[in-house]
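Derivation of every value follows stated rules applied to the coordinates shown; laboratory data play no part. Treat the numbers as computed from the prediction; the structure is a model and nothing was measured. Cβ placement follows ideal geometry from the backbone for every residue including glycine, while neighbour counts extend to all protein chains displayed.
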Amino acid sequence: MRIMPNDLGRQYGLHAAEYESKAIEVLRSGWYILGREVEAFEKEWAAMVGAKHCVGLASGLDALWIAFRLLNIGAGDEVIVSANAYIACVMGITINGATPVFVEPDQYDNIDAGKIEAAITPRTKAILAVHLYGQSCDMDKIMDIARRHDLKVVEDCAQSHGNHWKGQVTGSIGDIGCFSFYPTKGCGAFGDAGCITTNDDDIAARCRVFRNYGSDRRYHNKVVGANSRLDELQAGLLRVKLKYLQDFNEERCRIAARYDAGLNLPGLIKPRIRPGADSSWHQYVVHLPGFRDELAAWLDKNDIGTIIHYPIPPHLSEAYASLGYHRGDFPIAERYAGEVLSLPMYNGMTAEEQEKVIRTINAYRPGCV
Ligand SMILES: *Cc1c(COP(=O)(O)O)cnc(C)c1O
């Protein structure tokens, strides 16, 4: 049996009956958009994050662009983001007409906070802190820089559901936390979904209006908004998932610890965790300088699937050719794109499956493919 990089069916199987009865309950309720499931989920998610408000939205990308829109960041403004971020992070910035300013990642695969100040210009309005692979950015440094330069901080928590920076849950530290509930994320929905979290009453109130065509009363529209509503079915199912989020994170933490203990292939660099941060282990990403593609091929030959997060850094993406960047502009992010590999990691992964992955990796020898 092939080992997949991710297997959502396993996680589903852990609590299938609960999801199914919740789905039937919502289907039979006769109410499908903005109802009591969404309201209850927003309260429960805000409580988990430790933020005053949560507003449900239709996706993680919507959470990002709507967050910048609510902060009035658009054409002529610059937003600082790590050069190895996911493309959606950059789209969340550019959809509003703002310009991404890239900063190299550090050895923890997150933005190198020590390089942020050099990227600040008079047009800089915000820092987008992407907690990549589940690990928190250095939020002390980021919040300090933001305070001194009067910048907003948006956290992209799509991959970091329930992780911490010095005891504080991510999504409660900056001005706005943006979450995706895409099925592969820590607390994944059964379709597309997202939300923002914030302690700011005004941002939360404006977000509720914005997501629903800019109306707070039916057919009375205050602003040109969007249709970005979390639906009742997803919210209901997310409420079931949220009950088990801590268990899921703990299980992935145990899987990560087993990889840490078992992998001993020379040249393989294991994930490093920054002091003060923890990881929800959205991915277990190793660096394989000079032999990533060969090791991935070796694993594939042995029926083990892997994924690359991400093979092309946003500044070299065809979608952003108009920004005018070239290879060599962000050498660290470019090097990472050529050496990172995400090993199989999912709730419900068996010890035998993981043993096979570890054994196969440790048995790799150059030229064996
Ligand atoms: C998944 C993801 C997004 C986008 O979320 P969608 O729900 O797919 O729109 C944004 N940022 C990061 C870091 C992600 O991993």
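Using the Cβ-Cβ distance between H326 and R147 with R0 set to 45 Å, the FRET efficiency from 1/(1 + (r/R0)^6) comes to roughly 0.85. Within the range 1-29, whose backbone N sits under 20 Å from a point 7 Å along Cα→Cβ of N362? Answer for the range 1-29: 3. Computed about its Cα centre, the charge dipole of the range 84-144 is approximately 340 debye, with only Lys, Arg, Asp and Glu carrying charge at their Cβ.
Given R0 = 35 Å, the distance between the Cβ atoms of R254 and K222 translates into a calculated FRET efficiency of 0.10. Partner lysines whose Cα lies under 28 Å from the Cα of K152, excluding those fewer than 8 positions away in the same chain, are identified as K43, K52, K115, K125, K141, K166, K185, K222.
Out of the range 14-87, which chymotrypsin sites (Phe, Trp or Tyr not before Pro) are coil in DSSP terms and have no more than 14 other C-beta atoms within 10 Å? Taking the range 14-87 and a limit of 14 other Cβ atoms within 10 Å, the loop chymotrypsin sites (Phe, Trp or Tyr not before Pro) found are W31, Y32.
Treating only the Cβ atoms of Lys and Arg (+1) and Asp and Glu (-1) as charged, compute the dipole magnitude of the chain about its Cα centre; round to the nearest 20 debye.
360
The trypsin sites (Lys or Arg not before Pro) of the range 200-304 that meet both conditions, a loop assignment by DSSP and at most 13 other Cβ atoms within 10 Å of the site Cβ, are R218, K222, R272. I need the fraction of alpha carbon pairs in the range 266-369 separated by more than 19 Å, rounded to a whole percent. Looking at the range 266-369, the distances longer than 19 Å represent 52 percent of pairs. For the pair N264 and K115, label points projected 7 Å from Cα toward Cβ lie 3.5 nm apart.
So if I place +1 on the C-beta of Lys and Arg and -1 on the C-beta of Asp and Glu, and nothing else carries charge, what would the dipole magnitude of the range 245-362 be about its Cα centre? I want it in debye, nearest 20.
Magnitude of the dipole: close to 300 debye.
The calculated 222 nm mean residue ellipticity attributable to helices in the chain amounts to -11500 deg cm²/dmol, summing -39500 (n - 2.57) over DSSP H runs of n ≥ 4 and dividing by all residues. G348 sits among other residues whose Cβ lies under 10 Å from its own Cβ, and their net charge, with Lys and Arg +1 and Asp and Glu -1, is -2.
Classify the chain from the C-alpha gyration tensor, please: rounded if a/c falls under 1.5, else prolate or oblate depending on whether a/b exceeds b/c. In terms of gyration-tensor shape, oblate. The T99 and V369 beta-carbon pair, evaluated with R₀ = 30 Å, returns a calculated FRET efficiency of approximately 0.10.
Within the chain, the selection of entire DSSP H helices by a Cα span of 18 Å or greater along the long axis and an average Kyte-Doolittle value of at least -1.0 returns 16-29, 36-49, 245-262. The DSSP beta bridges internal to the chain are antiparallel in roughly 60% of cases. Within the range 1-78, none of the GluC sites (Glu not before Pro) combine a DSSP coil assignment with at most 16 other C-beta atoms in a 10 angstrom radius.
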